[in-house]
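The values are calculated or read from the model by the stated rules, or taken from the named source; none is laboratory data. As the structure is a prediction and not an experimental result, all values here were calculated from the model. We place every Cβ from the backbone using ideal geometry, glycine too, and count neighbours over all the protein chains shown. Only protein heavy atoms, including side chains, enter the accessible area calculation; ligands, DNA and RNA are left aside. Shrake-Rupley method; radii C 1.70, N 1.55, O 1.52, S 1.80 Å.
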Amino acid sequence: MAAELESSKCLSGLLSGLAQDTFYGHPGITEELLRSQLYPEVSLEEFRPFLAKMKGILKSIASADMDFNQLEAFLTAQTKKQGGITSEQAAVISKFWKSHKTKIRESLMNQSCWDRGLRGLSWRVDGKSQSRHSAQIHTPVAIMELEIGRSGQIFLDLRWDCDLITFIAHCKLKIS
C-alpha cells in the first residue's frame, strides 16, 4: 500500500479532487470515485484514513490561508509527526498549494460573502410594554431589522432593539 500512496501523480489528483469537492462545490466527487480512479489497488479500509489525513491537511492549509513560509513549517511538522506524511507527499502538497492557493482562497471568499447585498432595512420606535423593572415600561425603544442576502434568498435577518438614546448614539441618527 505504501508504494501506491507515494505516487506524486496520484496524490496530486487526489488533492485536486478534494479541492473540487471541498472548496469548489462539485458534488460528484466521492470517496469511492477518488479511490477507484487514483488508487484502485488500495482497499477502501486502507484508503479512508489516508483520504481523511489529506483532507484535514488541505483544510488546515486553506483555512489558515498559509503563505509559503507557514506552509513549509506546517508540512515539516507534519513529516515529523508520528503517522504524519512523507517528505515526498509534503513536496506534492506544497506544489499543489502554490498552484491552487489563489483559486481556493477566492472560492472560500465567495462562499463567505453575501453578495454585499442589503435587501432591506427598516426601523421604528416603539414604546416598551413589558419589562422586569416597572420604570422601563413605556420608555421608547428603537427596533431595527436588516435583511442581507442574494435576490430570492435571505441569508441573514437581523433584528434588535435598544433604548432610543443608545440607538441614536450608535447609529448617529438625527431626529428632528
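Restricting attention to the range 58-66, does a residue exist that is at pLDDT below 90 and at positive phi?
Step one: filter the range 58-66 for residues at pLDDT below 90, giving none.
For the range 58-66, residues at pLDDT below 90 and at positive phi: absent.
Modelled with pLDDT of 80 or more, in a loop (DSSP other than H, G, I, E, B), of a type in the set (Val, Ile, Thr) and surrounded by 13 or more Cβ atoms within 10 Å (Cβ to Cβ), is that true of Ile104? First the steps, then the outcome.
Numbers: modelled with pLDDT of 80 or more: yes; in a loop (DSSP other than H, G, I, E, B): no; of a type in the set (Val, Ile, Thr): yes; surrounded by 13 or more Cβ atoms within 10 Å (Cβ to Cβ): yes.
Taking the combined requirement at face value, the residue does not satisfy it.
Is it the case that Met54 is touching a Ser or Thr at 6+ places or on another chain (Cβ under 9 Å) and modelled with pLDDT of 90 or more?
Judged against the criteria, Met54 is not a match.
Do you know which residues across the range 22-33 are surrounded by 11 or more Cβ atoms within 10 Å (Cβ to Cβ) and over 13 Å from the mean Cα position of the chain (by Cα)?
His26, Ile29, Thr30, Glu31, Leu33, listed by residue number.
Can you tell me how many residues within the range 58-69 are among the hydrophobic types (A, V, I, L, M, F, W, C), open to solvent by 10 Å² or more (accessible area, probe 1.4 Å) and either in a helix (DSSP H, G or I) or under 18 Å from Glu32 (Cβ atoms) (or both)?
Adding up the residues that qualify gives 1.
Answer yes or no: is there a residue in the range 107-129 that is open to solvent by 40 Å² or more (accessible area, probe 1.4 Å), within 19 Å of Ala19 (Cα to Cα), at pLDDT 90 or above and in a helix (DSSP H, G or I).
no
Just one of (1) in contact with a helix residue (DSSP H, G or I) (Cβ under 7 Å, 6 or more places away or on another chain); (2) in contact (Cβ under 8 Å) with a residue 60 or more places away in the chain; (3) surrounded by fewer than 17 Cβ atoms within 10 Å (Cβ to Cβ) trips up Leu44, so point out which.
Among (1) in contact with a helix residue (DSSP H, G or I) (Cβ under 7 Å, 6 or more places away or on another chain); (2) in contact (Cβ under 8 Å) with a residue 60 or more places away in the chain; (3) surrounded by fewer than 17 Cβ atoms within 10 Å (Cβ to Cβ), Leu44 violates only (2).
Could you tell me how many of the residues in the range 24-52 are farther than 16 Å from Gly13 by Cβ and not in a loop (DSSP other than H, G, I, E, B)?
6
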